[in-house]
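Beneath this line is the structure, given in structure tokens, with notes to follow.
The values are calculated or read from the model by the stated rules, or taken from the named source; none is laboratory data. Note that the structure is a prediction, hence the values are computed from the model and not measured. Here Cβ is always computed from backbone atoms with ideal geometry, including for glycine, and neighbour counts include all displayed protein chains.
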């Protein structure tokens, strides 16, 4: 099962897809309404277009304000959700890392970190106790590797010093948590989304101005 399937089980993916489809259908209808209003010089259609676009702008501004006000709560909830998701069942499937496992393995190797707060996140979520010289109580990606190949699947043969990693020795084990790295990536995505929203808002304002000018011109022709 990949990350998309896991997200859909939690309703996240399904809700996102439904929202995107709804927005796409609404924008298509608005564009069609504006085109028909311009072609047929329909003041009614142009008024309706202006109203719905203004309504959409207000909803967007409210959404941005709410997102900003609940940002700290969202970050806290995200951190907690990530912590409780680090279970063997979500991490592995028949010994192979699932989507979440591949993601965490990549982050842990690239950022030199382990878990969300630290390696104990894995022990608290049901990872088996360490077997001396064989397997640590956390993924191998928390260990320093012989060479960083970029692979998302690591085994004991890739570890520089397995016993040193099990003993959580500084030179063989990543002791820092990955929370800052993960949240930094999320913040980066948030900035992209915010920029996209601002560009969209500017285009919507421009469409309101143009539709208003056209409506005014049609109104003048209607009365004169």
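General remarks:
- Just one of (1) over 18 Å from the mean Cα position of the chain (by Cα); (2) assigned by TED's automatic domain parsing to the domain that holds residue 140 fails for residue 101. It is (1).
- Subset of the stretch 170-179 (residues that are part of a loop (DSSP other than H, G, I, E, B) and surrounded by 14 or more Cβ atoms within 10 Å (Cβ to Cβ)): 172, 174, 175, 176, 177, 178
- Selection status of residue 43, touching a residue at least 12 places away in the same chain (Cβ under 8 Å), under 30 Å from residue 153 (Cβ atoms) and surrounded by 12 or more Cβ atoms within 10 Å (Cβ to Cβ): no
- No other residue among 118, 125, 132, 77 is at pLDDT below 80 and in the same structural domain as residue 171 (by TED's automatic domain parsing) apart from 132.
- The lone exception for residue 60 - which of (1) at pLDDT 85 or above; (2) in the same structural domain as residue 194 (by TED's automatic domain parsing); (3) surrounded by 13 or more Cβ atoms within 10 Å (Cβ to Cβ) it fails: (1)
- Checked against (1) at pLDDT below 85; (2) within 25 Å of residue 118 (Cα to Cα); (3) surrounded by 14 or more Cβ atoms within 10 Å (Cβ to Cβ), residue 215 passes all but a single condition, namely (2).
- Filter pass, residue 11 being exposed (fewer than 12 other Cβ atoms within 10 Å of the Cβ), at positive phi and at pLDDT below 85: yes
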